[in-house]
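Here the structure comes first, spelled out in structure tokens, and everything after it is commentary.
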Amino acid sequence: MRKKIIAGNWKMNLTHSEGISLFSEIVNMVKDEKNGNQTVVICPPFIHINSLVQLSNGIVKIGAQNCHEALNGAFTGEISAKMIQSTGAEFVIIGHSERRQYFNESDELLTKKTISALQNNLTPLFCIGESLEQRNNGTYFEVLKNQLKALTAHLDATDFTKVVIAYEPIWAIGTGLTASAAQAQEVHAFIRSTLAEAYGEEIANQTSILYGGSCNAQNAAELFAQKDIDGGLIGGASLKSRDFTDIVKAFNF
Ligand code: PGA
């Protein structure tokens, strides 16, 4: 059975003490709502990770929002997958569109980061997604296929089984414009068929594919009811404990 995952991406928000209080609320609320099939993850800024791991009680897992591709070295300001893993964090977001766009992260770099995450026993939440222009001019399937292929060309099947894919249409991130359940399902099915071409049906059917982009307590249930949607990557709504818990609840089946 595919893992059902709800992951919160706090982005560059919250001071350390704000992060601790929000996370404590989330752990308290989520523990009564989540069932055994669900994995709930929070990806805070790096400086919160260590403290949140201590508070997580195994109820909510912790992930980073990025990692450097090298293990260590003279890379001022960077954090490696090995360092993240040493805190007890278990996940790392790789290739979020904000990293691709504002930090010029290329497909090639993102593949290196994914490999480093896997070598350090972190689960990569690998993001792909098209822009509004690509959606409107009908090239989005091709764009998504290329983003996926850039990764699958370098990972063997065994490694790929440890990767989670997040489909995040850029036009839906932080805009309040969610993809409709039908639009999201169409793309998720396409991603699964592209993975089947690369690794075969069995592995494609085991891969968790999350939806992200203005997912909230109101639209989550319909999105998660789609056959190929295995959870969500939640930005804005993960900064409010009630909203985030309601999204977890919406997936409690
Ligand atoms: P959003 O962000 O839920 O605020 O749209 C999603 C994301 O960027 O991961």
Fill in: Probe 1.4 Å, accessible area per residue of the chain, Å²
44
Worksheet, complete the sentence: Listed by chain and number, the residues whose amide H is under 5 Å from that of Val41, excluding neighbours fewer than 5 places away on the same chain and using placed H, are Ile6, Ala7, Gly8, Lys61
Worksheet item: With the radius of gyration and the Kirkwood radius both derived from the Cα set of the chain, what is their ratio Rg to Rh?
Response: 0.93
Item to complete: Scan around Ala64 for amide H atoms under 5 Å from its own, H built in the peptide plane at 1.01 Å from N, and keep only partners 5 or more places away or cross-chain.
Response: Phe91, Val92, Ile93
Fill in: Integer Hz, Karplus 6.51/-1.76/1.60 couplings in order for region 227-240, x for Gly and Pro
4, 9, 9, 10, x, x, 10, 10, x, x, 6, 7, 8, 10
Worksheet item: What part of the accessible area of region 4-249, given as a whole %, is carbon or sulfur when the probe is 1.4 angstrom?
Response: 50
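Suppose every Lys and Arg Cβ carries +1 and every Asp and Glu Cβ carries -1, with no other charges. What dipole size does the chain come out with about its Cα centre, to the nearest 20 debye?
Dipole about the Cα centre, nearest 20: 420 debye.
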Worksheet item: Per the helix-only calculation at 222 nm, which mean residue ellipticity applies to the chain, given -39500 (n - 2.57) for every DSSP H run of n ≥ 4 and division by its residues, nearest 500 deg cm²/dmol?
Response: -13000 deg cm²/dmol
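Rounded to the nearest 0.05, what FRET efficiency do Thr76 and Lys149 have when you use their Cβ-Cβ distance and R0 = 41 Å?
Rounded to the nearest 0.05, the efficiency is 0.80.
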Fill in: GNM result for the chain, Cα springs below 10 Å: residue of Ala179, Ala89, Ala153 fluctuating most strongly
Ala153
Discussion item. For a 27 Å ceiling on Cα separation, which of these pairs sit above it: Lys4/Lys113; Lys61/Lys162; Lys113/Lys149; Lys112/Lys240?
Written reply: Lys112/Lys240
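The values are calculated or read from the model by the stated rules, or taken from the named source; none is laboratory data. Predicted, not measured: the structure shown is a model, and the values here were computed from it. In this analysis, Cβ positions are derived from the backbone assuming ideal geometry, glycine residues included, and neighbour counts consider all displayed protein chains. Heads up: the accessible areas ignore ligands, DNA and RNA and are worked out on the full protein's heavy atoms, side chains in. Shrake-Rupley method; radii C 1.70, N 1.55, O 1.52, S 1.80 Å.
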